[in-house]
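One structure is given below, encoded as structure tokens.
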Amino acid sequence: MKKTLLLAGIACVLCSTNALAGWNDTPKTTKVYIGADYALDSYDFKGALDDAKKTYHSGIINMGARTARVGVEVFGQWSAKRTKDMIEGKKLKTKVNAYGVDLYGYQPMGCEGKYDLLASLGVADYYFKGEYDSTSHSANRIGYRVGLGAMYNFNDHISARIMGRYAYIGASSLNHVAEMTAGMRYNF
């Protein structure tokens with residue numbers, strides 16, 4: 001686990017180093033954007049929430065700023081509540097929300113600069129809650145995230161992005177999250 005996070009961190013540093021090497025060759029403009037994503041999350045619940053559903057659909061709202069090579073983004077993520085039927089007609093209801101910040105490295109591709117390859121490194125506060133019968137278990141925990149993705153820029157204002165992420169939470173009830181996202185951005 002720690003080796004994976006270390007390798008992902010090194011990859012982000014290498015992408016950032018590459019970005020800084022070409023910094024003088026790129027325009028010095030900063031774009032501010034807002035975006036919305038759909039996420040499909042796979043949670044590794046354990047302990048008190050071991051029987052909970054593992055996959056969740058969630059929505060993400062984000063806002064960020066970027067240059068041609070580096071950027072920063074803040075986000076909020078809200079999942080739909082999942083219910084699993086248990087013994088004797090009882091139900092286990094779970095929900096996960098998160099908010100945080102990610103640093104991005106962008107590598108423009110192609111002659112026209114329509115495509116960008118992305119690498120991200122970030123931190124998020126994950127809130128998860130489970131209710132079973134009359135008992136409830138909830139917790140907040142900081143998780144560390146790494147991601148890879150691609151973005152297509154339709155024009156100066158509209159772009160589409162897909163990302164794959166891994167987040168290590170390490171809580172007694174939630175170990176890690178694997179996530180796939182797809183969404184749109186509007187650049188001001």
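The values are calculated or read from the model by the stated rules, or taken from the named source; none is laboratory data. Everything quoted here is computed from the prediction, not taken from an experiment. Remember, those area values only see protein heavy atoms, side chains included, never the ligands or the DNA or RNA. Shrake-Rupley method; radii C 1.70, N 1.55, O 1.52, S 1.80 Å.
Sequence gap at least 6, Cα distance under 8 Å: using those rules, report the relative contact order of the chain to the nearest whole percent. Please report the intermediate quantities before stating the final value.
On the way: 480 pairs, mean separation 40.9, N = 188.
Relative contact order for the chain comes out at 22 percent.
Quick check on the chain: helices-only [θ] at 222 nm, where DSSP H runs of length 4 and up contribute -39,500 (n - 2.57) each and the sum goes over total residues. Nearest 500, please. Intermediate results must be reported in sequence, preceding the final value.
On the way: 1 runs with 20 residues, N = 188.
So the calculated ellipticity at 222 nm is -3500 deg cm²/dmol.
What is the helix-to-structure angle for 2-21, meaning the angle in degrees between its Cα long axis and the longest Cα principal axis of the chain, kept from 0 to 90 and rounded to the nearest 10?
Its long axis makes an angle of about 20 degrees.
So how much accessible area does Glu112 have, in Å² to the nearest 10, using a 1.4 Å probe?
Per-residue accessible area (Glu112): approximately 150 Å².
Keeping all protein chains in place and using 1.4 angstrom, which order do Phe188, Phe75, Phe154 fall into by accessible surface area, from largest down? Display every interim value, and only then the final one.
Details: Phe188 135, Phe75 20, Phe154 100 Å².
Heavy-atom accessible area, descending, gives Phe188, Phe154, Phe75.
Between His157 and Tyr186, what is 0.36 nm times their sequence separation minus the Cα-Cα distance? Round to one decimal in nm. Before the final figure, lay out the partial values.
On the way: separation 29, 0.36 × 29 = 10.44 nm, distance 0.53 nm.
Working it through step by step, the gained length comes to 9.9 nm.
Can you give the convex hull volume per residue for the Cα atoms of the chain, as a whole number of Å³?
Numbers: hull volume 19.3 nm³, N = 188.
Per-residue hull volume (Cα only) is 102 Å³.
Please report the carbon-and-sulfur percent of the accessible area for the chain; probe 1.4 Å, protein heavy atoms only, DNA, RNA and ligands left out. Write down the numbers at each step before the final one.
Details: 6450 of 10180 Å².
Solvent-exposed carbon and sulfur of the chain make up 63 percent of the total.
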